[in-house]
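Before any comments, here is the structure.
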Amino acid sequence: MLKTRILLVVASAVVIWLLFLLPKVVVENESQMDTEEGTATAEDPHTTTPAALRQSINSLNAQYLEVSGNEKSAIFADSLANLYTQAGQFDSAAWFAEKAASFFKNKESLIKAGNSYYDAYTFALDPKKQNEMAEKTRSFLGQVLEADPTNLDAKTKIAMTYLSSQNPMQGIMMLREVLEQDPTNELAMFNMGMLSIQSAQYDRAVERLTELLAVYPNHVQGHLLLGVAYMNTKEKDKAREQFELVKKLDNDPAVQAAADSYLKDLK
């Protein structure tokens with residue numbers, strides 16, 4: 001059961017977000033967008049969205065549909081990307097972020113589109129959709145990295161998308177390159193620790209996550225994963241210490257529930 005929880009999705013930093021969000025539901029906008037007409041449609045994708053947020057999305061979507069191909073349309077698209085992200089509708093958020101980036105074509109909009117598609121990639125459980133979102137991520141963040149090779153967050157996220165491809169070693173090599181450039185890069189350090197867990201290299205995971213926490217002592221996800229690593233090395237007392245620390249560091253109910261579920265496994 002423990003391994004199943006860790007392997008819910010492709011290895012990525014946001015795997016911990018999934019643990020934290022359970023049993024919250026990510027409602028996917030399967031109807032996607034009518035690209036031929038340039039409109040956005042959805043089959044009631046906001047049933048779990050707070051009423052005020054749902055109203056804002058519907059209102060702004062109506063305004064977006066009234067204009068097309070100009071700056072105002074792009075501004076609406078950018079705002080809708082923000083709202084859909086808040087609603088947990090990552091496919092829709094990415095689609096609108098792409099529309100905005102296609103108009104503005106600046107660094108900020110490319111980063112936003114790439115990050116949005118990375119979120120959608122991370123939460124995609126269907127392999128085909130996952131591959132599509134990965135390609136989109138690499139397309140947008142690749143442009144960012146080409147313009148600015150020092151953007152290590154973009155490079156790290158691109159690396160993570162290769163782990164579900166036919167060439168996962170390309171992703172590992174990119175992560176290593178990031179850490180060569182910046183040995184204390186938070187995102188890369190965390191992902192390397194998480195990948196060690198996914199590959200059942202638990203001693204290595206303990207080493208990597210301990211290094212992460214020496215630099216970022218309040219990294220909640222890092223403490224949670226370190227606890228998981230200790231569980232698998234049969235060091236229950238150390239695992240319990242990590243999960244209890246997670247509960248102290250973050251009082252979010254979802255985080256508390258995730259830590260409690262692991263503490264229960266230790267009994």
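The table below lists the values:
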{"quantity": "Residues of region 93-128 classified as part of a helix (DSSP H, G or I), within 15 Å of the chain's Cα centre (by Cα) and not β-branched (Val, Ile, Thr), total", "calculated": "13"}
{"quantity": "Residue that is surrounded by the fewest Cβ atoms within 10 Å (Cβ to Cβ) [pool: residues in region 194-209 that are part of a helix (DSSP H, G or I) and modelled with pLDDT under 95]", "calculated": "Gln198"}
{"quantity": "Only listed residue being surrounded by fewer than 20 Cβ atoms within 10 Å (Cβ to Cβ), over 25 Å from Asp126 (Cα atoms) and hydrophobic (A, V, I, L, M, F, W, C), chosen from Leu226, Leu179, Leu212", "calculated": "Leu179"}
{"quantity": "Sole exception among (1) without any contact (Cβ under 8 Å) to a residue 60 or more places away in the chain; (2) over 20 Å from the mean Cα position of the chain (by Cα); (3) assigned to a helix (DSSP H, G or I) for Met231, by number", "calculated": "(1)"}
{"quantity": "Members of region 58-98 that are hydrophobic (A, V, I, L, M, F, W, C) and farther than 19 Å from Tyr117 by Cα", "calculated": "Leu60, Ala62, Leu65, Val67"}
{"quantity": "Qualifying positions in region 210-267 - among the hydroxyl-bearing types (Ser, Thr, Tyr) and closer than 18 Å to Glu186 by Cβ", "calculated": "Thr210, Tyr216"}
{"quantity": "Which numbered condition Glu71 fails, given (1) over 20 Å from Lys136 (Cβ atoms); (2) in contact with a Pro (Cβ under 7 Å, 6 or more places away or on another chain)", "calculated": "(2)"}
{"quantity": "Where Asn82 falls short, out of the listed (1) modelled with pLDDT of 95 or more; (2) surrounded by 22 or more Cβ atoms within 10 Å (Cβ to Cβ); (3) not basic (Lys, Arg)", "calculated": "(2)"}
{"quantity": "Top-ranked residue of region 129-174 - restricted to ones that are crowded, with 18+ Cβ neighbours inside 10 Å and basic (Lys, Arg), ranked as nearest to the chain's Cα centre (by Cα)", "calculated": "Lys157"}
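Residue-by-condition table, conditions (1) over 21 Å from Glu108 (Cβ atoms); (2) out of contact with any Leu (no Cβ under 7 Å at 6 or more places or on another chain); (3) in the same structural domain as Ile111 (by TED's automatic domain parsing):
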{"site": "Ala134", "(1), (2), (3)": "yes, yes, yes"}
{"site": "Leu145", "(1), (2), (3)": "no, yes, yes"}
{"site": "Asp148", "(1), (2), (3)": "no, yes, yes"}
{"site": "Leu152", "(1), (2), (3)": "no, yes, yes"}
{"site": "Lys155", "(1), (2), (3)": "no, no, yes"}
{"site": "Gln166", "(1), (2), (3)": "yes, yes, yes"}
{"site": "Leu175", "(1), (2), (3)": "yes, yes, yes"}
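The values are calculated or read from the model by the stated rules, or taken from the named source; none is laboratory data. Here the structure is a predicted model, which means the values were calculated and not measured. Note that we place each Cβ from the backbone using ideal geometry, even for glycine, and neighbour counts take in every protein chain shown.
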